Each structure stands twice: as structure tokens, then as C-alpha cells.
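I have placed the structure first, in the form of C-alpha cells, so that the comments after it can refer back to it.
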Amino acid sequence: MIDQFLLGLSVVLQPDVLIYAFAGVFIGQLIGVLPGIGAITAISLLLPITFYLDATASMILLAGIYYGSQYGGSIASILLNLPGTPSSVVTCLDGYPLAQNGRAGLALFVAAFSSFIGGMIGVSILVLAAIPMTTIALRFGAPEYAMLVVLGLLAASLIGTGSQLRSFAMVLVGIALGVVGADATTGFYRFVAMPELADGISLVSLAMGLFGVSEIIRHATHHGRPTPRLNLKIRDILPTRAEARSLGGPILRGSAIGSFFGALPGTGAAIASFMSYATEKRFSRTPGKFGKGHLPGLSAPEAANNAASQTGFIPTLTLGIPGDAVMALIIGALILNGIIPGPRLMVDQPLLFWGVIASFFVGNIILLLINIPLIRLWVLLLRIPYQKLYPIIIVMICVGVYSHRTSVVDVVLTLAFGIVGYLMKSYRFEPAPVLLGFVLGPLLEDNFRRTMLIYRGDFLIFVERPISAGLLACTTALIVFSVYSAIRNRRPPAGLPAKNEH
Amino acid sequence: MFRTLMTTLPLTIALALPAVAQDSFPDRALRIVHGFGPGGNADTVSRIMAEQMTQGLGQPVVVESRPGAGGTVASGYVAGEEPDGYTLQLLVGGHAVAAGLYNELPYDSVEDFTFLSTVGQFPFFVAARAGEYESINALIEAALAEPGSIVIGHSGVGSTQHLTGELLGLETGAEFIHVPYQGGAAASTALMGGEVNLIIDTGTVIRGQADAGVYDILAVTSAERWPGYEDVPTLNETVAEGFDVISWTALGAPAGLPEDVEATLSEEIARVLELEDVRGQIEALGANPQGSTGEELQALVERQIAVWTEVIDSAEIERR
């Protein structure tokens with residue numbers, strides 16, 4: 001493995017290949033910062049360029065955009081509360097409060113560093129354990145996914161700062177919103193008020209509305225709120241020794257969780273980041289600090305989503321099976337170059353296979369190197385007065401949302417979700433569980449109904465299959481543990497919401 | 001003076017417009033609209049065509065993705081646009097399926113379009129895990145012997161892949177269980193993981209696994225054996241005589257395109273489809289690059305609307 005990896009490094013370190021690795025992560029980073037414009041839009045626009053590049057360079061470029069945008073996404077989440085993907089929703093939870101408390105530089109540094117470690121661990125797993133991970137991923141069928149999502153939903157209701165009952169209610173709201181659109185099992189239209197909703201509500205609309213737009217409305221309705229204090233000295237960007245020490249565990253646990261879930265096609269990356277957040281919070285001695293600018297709450301999910309975005313390439317590279325829409329695009333570029341992605345890729349195209357993997361290694365280093373100096377520049381964004389910054393952001397959100405499906409309905413919905421999000425915040429309901437319910441609800445429904453279809457309605461299948469049974473046991477244990485600790489403590493759940501900040 | 005100007009202005013414009021269209025089409029950017037997400041097959045084919053047509057027509061050709069409701073959002077949009085040649089649509093096989101699948105479409109699938117040319121045609125392949133079935137005949141025999149024992153994974157309810165599986169059941173009398181996945185790749189993963197017994201999908205989904213010896217390709221859905229896969233038998237010659245399913249990509253425009261504009265566009269599409277690069281790219285996508293006349297394309301669409309509407313009715317698939 002190591003020999004082949006070195007072979008890959010020799011490919012990627014050639015100047016004419018290295019430039020594509022650099023270009024990819026750089027473009028990805030910029031795209032990630034722009035609200036609402038995701039890697040998928042960027043990659044599809046750049047696809048024609050790859051007609052003129054060889055397969056290795058195309059793959060390295062497009063893959064760089066993909067994981068580069070993960071980095072960029074956390075910048076917008078931390079500074080402006082604008083998550084573009086489900087995984088950056090979790091980054092908002094503690095990243096944005098940090099920025100509001102004048103610690104934006106520190107938050108960006110911790111996010112970049114955690115992402116780097118997570119990414120590197122993800123690449124290492126990819127090099128050392130791609131084949132065994134593939135074998136495990138293939139053992140996840142419909143019953144396993146259904147049980148995994150149940151565990152995920154439970155974790156989702158743990159991530160709010162307020163009462164778990166309120167979080168759980170918001171998860172249910174999210175699931176209800178996820179029902180809109182064509183039912184995947186029968187094709188029946190549910191709540192499709194207009195043809196634009198046939199494929200459901202856009203995730204980007206919901207995320208941008210509930211988080212970004214609602215925050216802007218909140219600021220607009222509270223005059224004279226001071227611009228957060230900016231600390232730009234190097235000392236303020238770096239964590240203190242005690243803080244640094246507290247990050248080791250979360251980063252490693254986040255990377256492990258991310259590496260595992262990332263390798264599961266389809267579901268992985270979305271679940272990974274908040275599963276790691278929920279894990280940290282559940283087993284923390286100070287769960288009350290989460291959601292108010294707690295560094296472990298930022299570093300664990302950042303490590304997780306970047307590890308996941310690397311191990312997400314495992315099914316793509318070893319089986320030729322794209323785990324999500326972006327991977328499908330990258331595979332499309334390979335196909336256009338006359339290369340058939342599949343299990344033979346590793347054997348037939350070792351230079352391509354290992355070159356791409358080595359480029360992840362190099363790309364993560366490049367990202368860290370360009371990110372640290374840029375932190376001070378990004379933080380300056382916050383110095384722009386709100387009344388000038390916010391109109392620009394609203395316009396960018398609208399453009400970004402529109403670019404996804406070329407749909408005006410989506411733009412109107414985004415603004416409507418903004419108002420809903422504002423009202424929710426006013427009544428101390430949190431938006432994050434809504435989003436997670438929205439992502440996970442349809443996954444649960446699809447996989448549950450698929451299980452019933454394949455196994456003729458036999459419920460016992462969930463306990464007969466070992467992985468599914470294991471996941472079910474985890475879920476049960478988590479519920480029992482929660483109930484037990486609630487009874488033992490006999491006190492209000494830690495972290496009752498602080499008085500509304502405005 | 002002003003009054004005279006205002007009354008004659010519309011007339012002047014009306015007289016001038018056709019002249020402009022005749023002399024200098026195109027004199028501004030064109031767009032190819034399609035109804036699927038960025039990066040899908042339709043998007044990629046659109047971009048391949050747009051790239052070359054930009055060279056040939058001397059005006060930028062941009063690709064516009066308007067995804068939604070199986071491509072019908074885009075078709076409804078294009079049908080309502082001006083038939084001036086500046087708005088084209090990349091149509092796919094699903095255009096014919098939609099005519100049978102949707103209760104109310106905001107357009108007529110044939111009358112509201114000017115059909116220009118096919119771009120590529122491709123068959124579907126029937127694949128199972130290597131060594132599981134000796135041949136397509138063995139598979140159908142197993143299905144007939146124990147109804148409901150064979151599970152087909154497909155890429156979504158109402159997809160051409162799904163309907164092809166339903167048609168196979170109707171033609172052979174075999175009873176399959178059809179399980180929907182989110183796209184062909186997910187169905188393929190399920191086949192590899194052992195959750196389903198069979199998938200019916202395009203070469204791009206199946207080829208990689210077949211080359212590696214993970215899958216056996218049991219049959220092809222076209223009436224004749226497919227170039228490059230000469231050793232794969234057709235369903236037509238083995239278990240279902242007359243079975244003939246291919247899917248396609250094509251270019252169309254709103255109905256009522258001026259004849260000269262139509263001619264310019266058809267000529268340009270024919271030219272692009274002869275280019276070595278383009279042929280190579282379309283072949284790489286698993287399709288046979290093949291142009292046609294507008295009439296041939298329209299006949300193909302009409303024929304497939306009839307077939308799929310019947311399959312949807314016979315298989316009792318819920319209309320939406």
C-alpha cells in the first residue's frame with residue numbers, strides 16, 4: 001500500500017499535476033464560502049474543461065473542488081451562520097456563537113486545523129483500509145440503513161441547546177417537511193402544490209432560510225446592535241494551551257466517526273458530522289456549554305465531515321459507485337475520458353487511482369497552508385457594517401438558491417423559511433433539528449419501506465441481521481442511558497436555554 | 001411626428017423581424033434547456049453539444065438545467081417559450097414515459113414541440129451477480145417456477161429502467177418484485193450487496209462491474225444485438241419475442257419553429273454528430289451517436305408514448 005501511495009505522490013508532485021490540485025482546492029474553497037452555491041454547481045460548470053484534460057488531472061481538479069468546498073463551507077457557517085450543506089449546519093451551532101463573541105479568528109483556526117487532521121485521517125484510512133471498508137459498506141442494506149437513521153434521528157434530538165422535547169418536536173417538523181414531493185416507493189405526489197415541488201423542498205432553501213435569512217431578520221429588527229469586537233492578533237487566533245488540550249479527543253473521535261460513516265454510499269457525510277456532535281455532547285461533562293461557542297462542539301464535527309468527504313471516495317474508487325451527486329459528476333468526468341470506473345480501476349489504472357488518493361493528501365496540506373493566512377482576511381468581513389453586508393448577502397443567497405434548480409419558487413421559499421426561522425428563534429425553537437429531520441426522514445421512510453418490500457413485511461429482519469441488530473441495540477442503550485441519567489439526576493436537563501440574547 | 005412614429009413602429013418591427021431571423025440566425029446566445037440535475041446524463045450530453053454548437057453557430061450556446069418532476073418542469077417551460085430557435089431542449093426517453101405517467105401535463109408531448117434530431121441511442125442491459133444465473137432463460141425459468149422470488153432493483157418509480165422491468169414481466173409472464181432505489185448507482189450497490197437479484201440499467205452503470213467479473217450481463221433490451229456487445233443475447237431472441245426497448249437523447253424546440261431556422265439547427269446538429277471527439281464522448285456515455293430527421297424523431301416519440309402508456313396501465317403504476 002505504502003509503495004503504491006508513494007507512486008501516487010510521484011504523480012501528483014509533478015508541477016503540471018500539482019497545479020490542478022491547487023486550482024481545485026482553491027476554487028472549491030471560494031465556492032464553499034459563497035452562500036448557496038455548492039460544489040455541484042461549480043463542478044458541472046467546469047465539466048467541459050475536463051474534456052481537454054487527461055483523466056488524472058480532471059479527477060484531481062474536481063475532487064479538489066469537492067473537499068475544498070467543505071473547508072469553504074465552514075467559513076460561511078462560522079462568520080455568517082450560512083450553512084450550505086447538512087454537515088455545515090452543525091458547524092454553525094458552535095462556530096457562529098464564537099464569531100459573535102469576537103472569537104471568529106479562533107473559530108476559523110480551530111475549524112481549519114480540525115478539518116486538516118480529519119482529512120488526513122480520512123486519507124490514511126483510504127490508503128490503508130479501502131478494501132475492508134468497501135466490504136463493510138456493502139453489508140449495509142435497507143434494514144441496516146433504516147436502523148442507522150433511527151439512531152441518527154435520536155442523535156438529532158440531542159443536538160439542540162434547549163429541552164429535548166422541543167428538539168424532538170422540531171425533528172418531527174423536519175420529517176413532515178421532508179414528506180413533500182413524490183413518494184419514492186409509489187411515485188404518488190404528496191403535498192405537491194405546484195410542479196416545482198414535485199421533487200420536494202430544496203435542502204438549500206430550507207438551510208439558508210432557517211439559518212442565514214432568519215439571522216439577518218433578527219439583526220435588522222434590533223437596531224444599534226454593535227458589530228462584534230474583532231481580535232486580529234495572532235495570539236487571539238491560536239487557542240490557549242488548555243483549549244488546545246481539550247481538542248485532541250473530539251478531533252480524534254470526530255475523525256473516527258466521520259471516516260466510518262463517510263464510506264457508506266449515500267448517507268454517510270450528512271450523518272457523520274452531527275453524529276459526532278451528538279456523541280461529544282452526550283458524553284461531555286459540560287453538555288450545557290454546547291451551542292454557545294464551545295470549541296469541542298466545533299472541532300469534532302469539522303473533523304468528522306472532512307474525514308467523511310475523504311472516505312466518501314472509497315465506494316467511488318473501489319467500486320465505481322458514486323456515493324452522492326458530486327461523486328457522480330466526478331465519475332462522469334472519468335467516463336468522458338474513456339475510463340470505465342469499477343472494481344478494475346485500481347488494477348488497470350494504478351497511476352490514476354493512487355495519484356488521485358495522493359492528491360487528497362497534498363490537497364489537505366495546501367488547504368491548511370492557504371487557510372491560516374486567509375483567516376485574518378475573512379474576519380475582516382465582519383468589520384463591514386451590517387446594513388451594508390446583509391443586503392449583499394441576501395442577494396447572494398437568492399442567486400445561490402436559484403442556481404440550484406433554476407427555480408423562483410425556491411427563492412420565495414427561502415425567504416419564507418427565513419421568516420419562519422425568525423419566529424422559531426423568538427419562541428426558542430431551534431432550526432438545526434428541523435434540518436436533520438428533513439434530511440433523515442425520507443431516508444428512514446425509503447429504507448424502511450424498501451425493507452418491507454424485499455423481506456415481505458417481516459419485522460424480525462431488523463433483529464436477524466447482525467449489523468441492524470447492533471444498531472438497534474445502540475439506539476436502545478442510548479434511550480435507556482438518557483432515561484436513567486434523567487432519573488438519577490432528578491434535576492432539569494443541563495443547558496436550559498439562556499435568556500434570549502436580544 | 002411622434003404619433004406617426006409610434007403607429008408605424010410596431011409595423012416596422014413586425015416587417016423587420018422575419019428578415020432578421022432569415023438573414024442572421026443566430027445573432028445572439030442560444031440555450032439548451034434540460035430537465036435534470038447538473039452532471040446527469042442529460043446535462044453532460046447538453047454540454048457536449050453546446051460546446052461544439054458554439055463553434056459552429058458562432059454564438060454562445062449555454063446549458064440551462066431546470067430539474068423537476070421527471071423533466072416535465074423543463075418541458076412545460078420550453079413548450080411555452082418563443083419558437084425562435086434560441087431556446088432548445090435536450091429531450092430524453094423519459095419525455096415519452098411522462099406522457100403516460102402524469103395525469104395532467106401543462107403541455108402536449110408531441111404537438112407542442114418541434115423535433116429536430118436524435119443525439120444518441122442506447123439500450124439497457126439485464127445484469128445479475130456473476131454465476132448466479134446461467135443465462136437469461138434460466139433466470140426467467142426460475143422466476144416462473146417460484147413467482148415473486150426474484151427482486152429487481154431499479155432507479156426510481158416511473159423511470160424507463162423500472163418500466164422496462166415491468167415490461168419484461170408482462171412479456172414473459174414472470175412475476176418480479178420491483179424495488180425502487182435513488183438512482184441506478186444505488187440499485188447497483190444493492191445488487192452487489194446481495195439485496196436484489198437483478199438490475200436493468202444502462203451500460204454506464206453496469207459495464208465497470210461486468211468488466212471486473214462481478215456481474216454477468218444476461219441480455220440486452222434492444223431488438224438487435226448491440227455493437228460492442230455482440231456476445232450478449234437480446235431479450236427478443238431469447239425469452240420475449242418482439243422485445244425492443246432503447247432509450248435516447250434528442251434535441252427539440254418549441255412548436256412552430258420557422259423552417260429556415262429549423263434547417264440551420266438540424267444541419268448544425270448533424271455536423272456536430274459527425275465530429276470524432278463528439279462521437280467518442282457520446283460512445284463513452286454508453287450511447288450510439290446517431291442523428292435523425294425531425295420526422296424520424298417524432299415517430300420514435302409517438303411509438304414510445306404508446307408502449308409506455310400501455311405498460312403503465314398494465315402494471316398498474318400510480319399516475320401522478
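The values are calculated or read from the model by the stated rules, or taken from the named source; none is laboratory data. Every value quoted in this text rests on a predicted model; they were computed, and no experiment measured them. Cβ placement follows ideal geometry from the backbone for every residue including glycine, while neighbour counts extend to all protein chains displayed.
Does the range A:131-138 contain any residue that is surrounded by 24 or more Cβ atoms within 10 Å (Cβ to Cβ), of a type outside the set (Asp, Glu), at pLDDT below 90 and not in a helix (DSSP H, G or I)? No. Scanning the range A:113-137 for residues that are in contact (Cβ under 8 Å) with a residue 60 or more places away in the chain and within 11 Å of chain B (Cβ to nearest Cβ) yields A:Thr134, A:Ile136, A:Ala137. For the range B:285-311, residues that are buried (at least 20 other Cβ atoms within 10 Å of the Cβ) and either within 12 Å of chain A (Cβ to nearest Cβ) or closer than 30 Å to B:Val179 by Cβ (or both) total 7.
Would you mind stating whether B:Gly173 is modelled with pLDDT under 90, closer than 30 Å to B:Asn103 by Cβ and more than 9 Å from every other protein chain (Cβ to nearest Cβ)? No: the conditions fail for B:Gly173.
Might you let me know whether the range B:98-118 holds any residue that is more than 29 Å from A:Val408 (Cβ to Cβ), of a type outside the set (D, E, K, R), outside the structural domain of B:Thr234 (by TED's automatic domain parsing) and in a strand (DSSP E or B)? Yes, that holds for at least one residue.
Once the range B:154-174 is narrowed to residues that are free of Cβ contacts under 8 Å to residues at least 40 places away in the same chain and surrounded by fewer than 21 Cβ atoms within 10 Å (Cβ to Cβ), the residue that is farthest from B:Gly94 (Cα to Cα) is B:Gly173. When each of B:Ala210, B:Ala186, B:Ala240, B:Ala219 is tested for being within 11 Å of another protein chain (Cβ to nearest Cβ), surrounded by 19 or more Cβ atoms within 10 Å (Cβ to Cβ) and in contact (Cβ under 8 Å) with a residue 40 or more places away in the chain, the lone residue that passes is B:Ala210.
Could you list, in sequence order, the residues of the range A:306-328 that are closer than 24 Å to B:Gly37 by Cα, part of a helix (DSSP H, G or I) and of a type outside the set (Ser, Thr, Tyr)? Passing the criteria: A:Ala308, A:Gln310, A:Phe313, A:Ile314, A:Pro315, A:Leu317, A:Leu319, A:Ala325, A:Val326, A:Met327, A:Ala328. When the range B:1-57 is filtered for residues that are among the hydroxyl-bearing types (Ser, Thr, Tyr) and modelled with pLDDT of 75 or more, the ones remaining, listed by number, are B:Ser24, B:Thr44, B:Ser46, B:Thr54. The strands (runs of 3 or more DSSP E) found entirely in the range B:194-295 that carry 1 or more residues being more than 19 Å from the chain's Cα centre (by Cα) and not aliphatic (A, V, I, L, M) are B:215-220.
Considering only the range B:300-315, I want to know if a residue exists there that is hydrophobic (A, V, I, L, M, F, W, C) and modelled with pLDDT under 90. The answer is yes, given that some residue of the range B:300-315 is hydrophobic (A, V, I, L, M, F, W, C) and modelled with pLDDT under 90.
Among residues of the range A:447-461 that are closer than 13 Å to A:Thr186 by Cβ, those with a beta-carbon under 7 Å from a residue that is part of a helix (DSSP H, G or I) at least six positions away or on a different chain give the pairs A:Arg450/A:Ala142.
Quick one: is B:Gly208 touching a Pro at 6+ places or on another chain (Cβ under 6 Å) and modelled with pLDDT under 95? Criteria met by B:Gly208. In the condition set (1) within 14 Å of another protein chain (Cβ to nearest Cβ); (2) surrounded by fewer than 22 Cβ atoms within 10 Å (Cβ to Cβ); (3) closer than 25 Å to A:Ile216 by Cα, A:Asn101 is compliant with all but (1).
Can you confirm whether the range B:136-150 contains a residue that is within 14 Å of chain A (Cβ to nearest Cβ) and of a type in the set (A, V, I, L, M)? Yes. Pairing each residue of the range A:178-189 that is more than 7 Å from every other protein chain (Cβ to nearest Cβ) with any residue that is surrounded by fewer than 18 Cβ atoms within 10 Å (Cβ to Cβ), provided the two are 6+ apart or on different chains, yields C-beta distances under 6 Å for A:Val179/A:Arg190; A:Val180/A:Phe191; A:Asp183/A:Arg190. Given the condition over 22 Å from A:Leu172 (Cβ atoms), of a type in the set (Ser, Thr, Tyr) and buried (at least 16 other Cβ atoms within 10 Å of the Cβ), answer yes or no: does some residue in the range A:471-478 qualify? Looking for residues that are over 22 Å from A:Leu172 (Cβ atoms), of a type in the set (Ser, Thr, Tyr) and buried (at least 16 other Cβ atoms within 10 Å of the Cβ), one finds none in the range A:471-478, hence no. What number of residues within the range B:50-68 satisfy the criterion of being within 11 Å of chain A (Cβ to nearest Cβ), touching a residue at least 24 places away in the same chain (Cβ under 8 Å) and in a helix (DSSP H, G or I)? Number satisfying all stated conditions: 1.
Rundown of residues vs (1) surrounded by fewer than 24 Cβ atoms within 10 Å (Cβ to Cβ); (2) part of a helix (DSSP H, G or I); (3) modelled with pLDDT of 90 or more, yes/no style:
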site: A:Leu46; (1), (2), (3): yes, yes, no
site: A:Thr50; (1), (2), (3): yes, yes, no
site: A:Tyr67; (1), (2), (3): no, yes, no
site: A:Val89; (1), (2), (3): no, yes, no
site: A:Gly95; (1), (2), (3): no, yes, yes
site: A:Val110; (1), (2), (3): no, yes, yes
site: A:Val123; (1), (2), (3): no, yes, yes
site: A:Val127; (1), (2), (3): yes, yes, yes
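Can you spot a residue in the range A:328-346 that is of a type in the set (S, T, N, Q) and surrounded by 24 or more Cβ atoms within 10 Å (Cβ to Cβ)? No; the residues of the range A:328-346 include none that is of a type in the set (S, T, N, Q) and surrounded by 24 or more Cβ atoms within 10 Å (Cβ to Cβ). Consider A:Leu377 carefully, then state whether it is under 21 Å from the mean Cα position of the chain (by Cα) and part of a helix (DSSP H, G or I). No, not satisfied.
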